[in-house]
Amino acid sequence: MPPRIRLVLALHNHQPIGNFDGVFAEAFDDSYAPFLEILAEFPQIPVCLHTSGSLLEWLEANRVEYLDAVAAFVERGQIEILGGPYYEPILANIPARDRVGQIRAYGEHLAGRFGVKPRGMWVPERVWEQSFTKDVADAGIEYAILDDYHFKAAGLRGNELFDYYLTEDEGRLVSLFPGDERLRYTIPFEDPQATIDYLRSVADRRPNSVVTFGDDGEKFGTWPGTHETVYKKGWLRRFLGALADNADWLKVTTLSEAHENVPPVGTIYVPDCSYREMTGWSLTTLRQTEQHDLVHAVEEEHRFGDVKDRLLPFIRGGFWRNFRVKYPEVNEMYCRMLLVSDRLAAVARRFGSDPHDDLEAARTHLYKAQCNCPFWHGAFGGLYLPHLRNAVYGHLIQADVALDRVEGRADGQIEATAEDYDLDARKEIKVSAPGLTAFLKPSRGGVLYEFDIHDIAHNLLATLDRRAEPYHEKIKEHAAKAAGGTAEDKVDSGEAVSIHDLVHFKQPGLDKKLIEDDWRRKAFVDHVLEPHLPLEDFMRGEGRIGDFATGVYETTLRHGRDRVEVVMTRTGKVTRLPVTVEKVVSAEAETPGELAVTYTLTDLPAGLPFHFAVECNFAGMAAGADDRFYSDASGDRFGQLGAVNDLSPRDGLSLTDEWLGLTALLETDKPAAFWTFPIETVSGSEAGFEAVHQSACVVARWQFTSPEDGTWRVGLRLKADTSLAKSRREETATVGV
């Protein structure tokens, strides 16, 4: 007798590129390992398992016995392995050639590891556009899981949201299974009987249908409160037992079995979409708040009655790609990734027929840099986590250096080029010099917005600006103390709670750190300030009386044999007076890892007090550790890199990160007073609300009386000293010998 209903359980396990080793290990201990141990007690219950390539490589290096156990499950048919793009990129965030390349590469790796080539795939963050169908099919995938929210956006309702559908692009077909939203909220947050009752109701309404559950494996132990509920209180064992006890009408199966034995309902074209929460997060802060209020108004308005269930699916959020608009930092990473991908494709066309280890190394670094987590922000997105952004840039830099080797380009080559590198229809400047690659943006303050240090694969300007987020209002409301009976109390009691309901503060006083930046926190940001402006006022974004930080600079490139210059000029306003700033950024072959900047101010009103400042923000050098500190040429230290300093005039200031093996030096040819302070964002994540150190702000300042000729000059040098990292590598090599 055929089953009255099929249930597919699909788990997605993922840790991003660049995440801390301890986070991988904790998730393994809390979620991945115990789930497999309990699953072994129920051999009649099969599941589909997707493990991202970044997590799989960690498991291969650190927990290979777990993968051996998974292989045994696969061999006896209890686990179906799902594929997907290797390093979990959002498909909308990478070129088509890389979509196909990543999916094929991971399929081959999984086939080698588990002996079976995956037929189905996990769609990262369920971000789907119809044009992906052809790429997915070309990569050898037959079926995938999306949320039922995608299908609701296409107009389906009720019993139409089960089984699976065919979709098509350019004549290529892929089957799409709707992931059931109700199950995502009962598993594992309600008693197992709630899931059984729901499935029985589906079986009664639509016999012989397929119901698909697809969600993060981390909700089985890693999400706050879930380890206690799922394992210590026995939820998972009771859940699997309940499924087994109802086997007379409920068949737990895999996507492949359902695909082979159940015909598709029909054909559907799914709108560009993601899961419901993600579509909201992609909106601007204002529109996100507006959408949230509208949805809740409909949900709570009794006069809508049954109409609200039909109305809500039409209140959709935004489009995932607009994260690049919402966050300029996302666009910077995306455009840098495209630059490397295009270069790799061009080099591969020339050298691809010849086996070349560096070419494959470049491809691997590119694919790793495409990992999705730093490219968005919501309850889970990692844009606000510096180590994830650093990982993206680190792999992009390593890919570029590997391609240099393929092309036989010496690191000492020096050049400057002008192209639209960030896709805003304005030209940026790329400076390539010994040991570094730098990008300047004349159309917005002439700032240096990327400074890649080749030797340690580090972008010193992977900064993040402070901006308003919708949850900041919640922080203000709960600043003193979270109200009684909140989701935080449930976590403290060990009760499982949906990640979207959490209100938890990891540190006090976060409302005092809610500051919005009016200019980009980059390097060589030019300011004219009020005379004798206090540091505290500048930290709040006050006291600027010039328009140079965000203004347009006219630009000329000068090329020499061993030197390039980028000459940027702007006549701006200081209060209502016109003042001209010429900023010349130069690089020389004889000074690797160094940029020089010369400022010439003209048209200054003679005899007036003037306060000129150059701001530089240094990212990826952590605060809160004694081996990361400020110092000057005399060796005096001025605290950790999160310190607030108001220093008297001196010839320069250094920032040292001994863990990175890097010292960044900002030197001046006229003694400058220095301000230092941290740039901290207040962000929300699955762990709660917290302040995150994004960069160390260093401001070199000169207060002077304008000379009679109205001209004033100063020179600065930004140096990246990686001698500590080099000596460490040499010591390691010596020990290895």
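Condition first: more than 28 Å from the chain's Cα centre (by Cα), surrounded by 17 or more Cβ atoms within 10 Å (Cβ to Cβ) and in a loop (DSSP other than H, G, I, E, B). Now tell me which residues in the stretch 15-44 satisfy that.
Result: Phe42, single match.
Looking at the stretch 174-196, which of its residues are at pLDDT 95 or above, touching a Ser or Thr at 6+ places or on another chain (Cβ under 7 Å) and open to solvent by 40 Å² or more (accessible area, probe 1.4 Å)?
If the condition is that a residue be at pLDDT 95 or above, touching a Ser or Thr at 6+ places or on another chain (Cβ under 7 Å) and open to solvent by 40 Å² or more (accessible area, probe 1.4 Å), then Phe189 is the only one that fits.
Restricting attention to the stretch 425-464, which residues are charged (D, E, K, R) and either under 23 Å from Ala346 (Cα atoms) or without any contact (Cβ under 8 Å) to a residue 12 or more places away in the chain (or both)? Walk me through how you get there before you give the answer.
From the stretch 425-464, those charged (D, E, K, R) are 426-428, 430, 441, 444, 450, 452, 455; that's our starting set.
Of everything in the stretch 425-464, those that are charged (D, E, K, R) and either under 23 Å from Ala346 (Cα atoms) or without any contact (Cβ under 8 Å) to a residue 12 or more places away in the chain (or both) turn out to be Lys427, Glu428, Lys430, Asp452.
Test Asp342 against the stated conditions and say whether it is under 17 Å from Gly101 (Cβ atoms) and of a type in the set (Asp, Glu).
Details: under 17 Å from Gly101 (Cβ atoms): yes; of a type in the set (Asp, Glu): yes.
Here the answer is yes, as Asp342 does meet what is asked.
Out of the residues in the stretch 76-101 that are part of a helix (DSSP H, G or I) and of a type in the set (Gly, Ala, Ser), which is most open to solvent (accessible area, probe 1.4 Å)?
Taking the stretch 76-101 first, the residues part of a helix (DSSP H, G or I) are 91-93, 96-101.
Imposing the further condition that a residue be of a type in the set (Gly, Ala, Ser) reduces the set to 92, 96, 101.
Details: Ala92: 2, Ala96: 43, Gly101: 20 Å².
The selected residue is Ala96.
Taking the stretch 184-202 as the region of interest, how many residues are more than 35 Å from the chain's Cα centre (by Cα) and among the hydroxyl-bearing types (Ser, Thr, Tyr)? Talk me through it step by step, then tell me what you get.
Of the stretch 184-202, the ones more than 35 Å from the chain's Cα centre (by Cα) are 193-194, 196-202.
Checking the rest, the ones that are also among the hydroxyl-bearing types (Ser, Thr, Tyr) come to 198, 201.
Residues in the stretch 184-202 being more than 35 Å from the chain's Cα centre (by Cα) and among the hydroxyl-bearing types (Ser, Thr, Tyr): 2 in total.
Could you list, in sequence order, the residues of the stretch 65-76 that are out of contact with any Leu (no Cβ under 8 Å at 6 or more places or on another chain) and closer than 27 Å to Lys232 by Cβ? Don't jump to the end; show me each part of the working.
Kept after step one, since they are out of contact with any Leu (no Cβ under 8 Å at 6 or more places or on another chain), are these residues of the stretch 65-76: 65, 68, 71-72, 74-76.
Hits for the stretch 65-76 are Glu65, Asp68, Ala72.
What number of residues in the stretch 399-431 are within 24 Å of Lys726 (Cβ to Cβ) and under 26 Å from the mean Cα position of the chain (by Cα)?
Matching residues across the stretch 399-431 total 6.
Scan the stretch 573-585 and tell me whether some residue there is farther than 20 Å from Ser443 by Cα, over 31 Å from the mean Cα position of the chain (by Cα) and loosely packed, with under 13 Cβ neighbours inside 10 Å. Lay out the reasoning, then the answer.
From the stretch 573-585, those farther than 20 Å from Ser443 by Cα are 575-577; that's our starting set.
Imposing the further condition that a residue be over 31 Å from the mean Cα position of the chain (by Cα) reduces the set to 575-577.
Narrowing the set further to residues that are loosely packed, with under 13 Cβ neighbours inside 10 Å leaves 575-576.
Yes, there is a match, as at least one residue in the stretch 573-585 is farther than 20 Å from Ser443 by Cα, over 31 Å from the mean Cα position of the chain (by Cα) and loosely packed, with under 13 Cβ neighbours inside 10 Å.
With the requirement that a residue be open to solvent by less than 70 Å² (accessible area, probe 1.4 Å), in contact (Cβ under 8 Å) with a residue 12 or more places away in the chain and either in a helix (DSSP H, G or I) or in contact with an Asp or Glu (Cβ under 8 Å, 6 or more places away or on another chain) (or both), what does the stretch 197-207 give you?
In the first step, residues of the stretch 197-207 are kept if they are open to solvent by less than 70 Å² (accessible area, probe 1.4 Å); the result is 198-199, 201-203, 206.
Next, only the ones that are in contact (Cβ under 8 Å) with a residue 12 or more places away in the chain stay: 198-199, 202-203, 206.
Tyr198, Leu199, Val202, Ala203, listed by residue number.
What is the one condition in (1) among the polar types (S, T, N, Q); (2) in contact with a Cys (Cβ under 9 Å, 6 or more places away or on another chain); (3) more than 25 Å from Asp272 (Cβ to Cβ) that Ser52 does not satisfy?
(3)
In the stretch 586-599, which residues are open to solvent by less than 20 Å² (accessible area, probe 1.4 Å) and assigned to a loop (DSSP other than H, G, I, E, B)?
The answer is Gly593, and nothing else.
Residue check: is Thr681 closer than 19 Å to Arg521 by Cα and touching a Lys or Arg at 6+ places or on another chain (Cβ under 7 Å)? Even if it seems obvious, please write down each step before you answer.
Working: closer than 19 Å to Arg521 by Cα: yes; touching a Lys or Arg at 6+ places or on another chain (Cβ under 7 Å): yes.
Here the answer is yes, as Thr681 does meet what is asked.
Please go through the stretch 438-468 and give me each residue that is in contact with a Leu (Cβ under 9 Å, 6 or more places away or on another chain), open to solvent by 10 Å² or more (accessible area, probe 1.4 Å) and assigned to a loop (DSSP other than H, G, I, E, B), ordered by number.
The answer is Ala457, Arg466, Ala468.
I need the full set of residues from the stretch 129-160 which are within 16 Å of Gly83 (Cα to Cα) and either crowded, with 19+ Cβ neighbours inside 10 Å or among the aliphatic types (A, V, I, L, M) (or both), in order please.
Within the stretch 129-160, Phe132, Thr133, Asp135, Val136, Ala137, Ala139, Ile141, Tyr143, Ala144, Ile145, Leu146 qualify.
Which members of the stretch 61-75 meet the condition of being in a helix (DSSP H, G or I) and either touching a Gly at 6+ places or on another chain (Cβ under 9 Å) or touching a residue at least 24 places away in the same chain (Cβ under 8 Å) (or both)?
Residues of the stretch 61-75 that are in a helix (DSSP H, G or I), as a first pass: 61-62, 64-75.
Passing the criteria: Asn62, Tyr66, Leu67, Ala69, Val70, Ala71, Phe73, Val74, Glu75.
So, in the stretch 208-262, exactly how many residues are under 17 Å from Gly120 (Cα atoms), of a type in the set (S, T, N, Q) and either open to solvent by 30 Å² or more (accessible area, probe 1.4 Å) or assigned to a strand (DSSP E or B) (or both)?
Looking only at that region, the number is 3.
I need the full set of residues from the stretch 380-431 which are open to solvent by 20 Å² or more (accessible area, probe 1.4 Å), touching a strand residue (DSSP E or B) at 6+ places or on another chain (Cβ under 9 Å) and of a type in the set (Gly, Ala, Ser), in order please.
Gly412, Ala418
Inside the stretch 307-387, counting only helices (runs of 4 or more DSSP H) that do not spill past its ends, which hold 1 or more residues that are more than 30 Å from His292 (Cα to Cα) and touching a helix residue (DSSP H, G or I) at 6+ places or on another chain (Cβ under 9 Å)? Even if it seems obvious, please write down each step before you answer.
On the way: elements: 307-311, 323-326, 328-351, 357-369.
Filter on the stretch 307-387 gives 328-351, 357-369.
Is there any pair linking a residue in the stretch 242-267 that is over 18 Å from Val47 (Cβ atoms) to one that is open to solvent by less than 70 Å² (accessible area, probe 1.4 Å) and polar (S, T, N, Q), with Cβ under 7 Å and at least six apart or on different chains, and which?
Pro264/Ser175; Thr267/Thr167
Please work out if Phe618 is among the aromatic types (Phe, Trp, Tyr), free of Cβ contacts under 8 Å to residues at least 40 places away in the same chain and open to solvent by less than 60 Å² (accessible area, probe 1.4 Å).
no
Does Val70 satisfy the condition of being open to solvent by 20 Å² or more (accessible area, probe 1.4 Å), at pLDDT 95 or above and among the β-branched types (Val, Ile, Thr)? Let's see the steps before the verdict.
Details: open to solvent by 20 Å² or more (accessible area, probe 1.4 Å): no; at pLDDT 95 or above: yes; among the β-branched types (Val, Ile, Thr): yes.
Spelling it out, it is not the case that Val70 is open to solvent by 20 Å² or more (accessible area, probe 1.4 Å), at pLDDT 95 or above and among the β-branched types (Val, Ile, Thr).
Identify all residues within the stretch 251-277 that are under 16 Å from Tyr164 (Cα atoms) and of a type in the set (D, E, K, R); write none if there are none.
Glu257, Glu260, listed by residue number.
Answer yes or no as to whether Leu718 is part of a strand (DSSP E or B), open to solvent by 30 Å² or more (accessible area, probe 1.4 Å), hydrophobic (A, V, I, L, M, F, W, C) and modelled with pLDDT of 90 or more. Before the answer, list the steps.
Details: part of a strand (DSSP E or B): yes; open to solvent by 30 Å² or more (accessible area, probe 1.4 Å): no; hydrophobic (A, V, I, L, M, F, W, C): yes; modelled with pLDDT of 90 or more: yes.
No.
Every residue in the stretch 110-128 that is crowded, with 19+ Cβ neighbours inside 10 Å and not in a helix (DSSP H, G or I), please.
Answer for the stretch 110-128, where residues must be crowded, with 19+ Cβ neighbours inside 10 Å and not in a helix (DSSP H, G or I): Pro118, Arg119, Gly120, Met121, Trp122, Val123, Val127, Trp128.
Just one of Ser634, Ser654 is loosely packed, with under 14 Cβ neighbours inside 10 Å and over 20 Å from Leu529 (Cα atoms); which is it?
Numbers: Ser654 fails: loosely packed, with under 14 Cβ neighbours inside 10 Å.
Being loosely packed, with under 14 Cβ neighbours inside 10 Å and over 20 Å from Leu529 (Cα atoms) holds for just one of Ser634, Ser654, which is Ser634.
Among all residue pairs at least 6 apart or on different chains, which show Cβ distances below 8 Å where the first residue, located in the stretch 178-196, is touching a residue at least 60 places away in the same chain (Cβ under 8 Å) and the second is in a helix (DSSP H, G or I) and of a type in the set (D, E, K, R)?
Close Cβ pairs (under 8 Å, with a partner that is in a helix (DSSP H, G or I) and of a type in the set (D, E, K, R)) amount to Gly179/Arg126; Gly179/Asp148; Glu181/Asp148; Glu181/Arg276; Pro188/Lys219.
The values are calculated or read from the model by the stated rules, or taken from the named source; none is laboratory data. All values reported here derive from a predicted model rather than from experimental measurement. Neighbour counts are summed over all protein chains in view; Cβ atoms, including those assigned to glycine, are modelled from backbone coordinates with ideal geometry. Just so you know, the surface numbers come from the protein's heavy atoms only, side chains and all, with ligands and any DNA or RNA stripped out. Shrake-Rupley method; radii C 1.70, N 1.55, O 1.52, S 1.80 Å.
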